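FYI, it's all coordinate maths here, none of it is from the lab. Remember, predicted model here, so these are calculated numbers, not experimental data. Cβ placement follows ideal geometry from the backbone for every residue including glycine, while neighbour counts extend to all protein chains displayed.
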Amino acid sequence: MIVKAKEMLRRITGFSIPIVGGGVQWNPPASDRDAVRKFLGFLEDRRALFNPFPAEVEDHVKDSIQQIRRQCVATIGELGEASPGSDHVKAIGAACRRFLDEPYPSFDDIFRQRRDPSFEREEWRWGLRYGTSPEAFFTALGELRAFVGIQLASLSALYDIDIKGDLARILPPDFEQM
């Protein structure tokens, strides 16, 4: 393995010049696997990825997804340039940005055709901002969860890391068991 000079300089954290001898303190690079494991550990505590829909509050979900974006940026900084996992982490960050920036899907055509009074129940609206369609919000959240689940499955396979707990709920189904 060849370590480039600029990379070595980034690792140096200080110099010491005692009366007898001297030294250099530096931080060795963390492995990509450790960075991905840390990232997955962070995601295990993000309720927006796996909480039941009735328990979700729009502002809390958006805050959680913003935190996921920040962690994606930090993890990409920890991964090596040629790391196979960086594309998956970048994709998760991009999906979070899409959820936050783009309007939720519109179901206007369905609402015009369907007149079922239970279709627009008020019980779902308590955790959403005024004017937010519950159907649109939860559809967008479901899309995000499904996409992140696919990326997590890829990261898990690449780095041989088990995904545990509630986070495992968003992983794609195992087709061998279907």
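Peptides 94-106, 143-155 ranked from most to least packed by the mean count of surrounding Cβ atoms within 10 Å: 143-155, 94-106. Charge tally around A157: other residues with Cβ under 13 Å, Lys/Arg +1 each, Asp/Glu -1 each, net -2.
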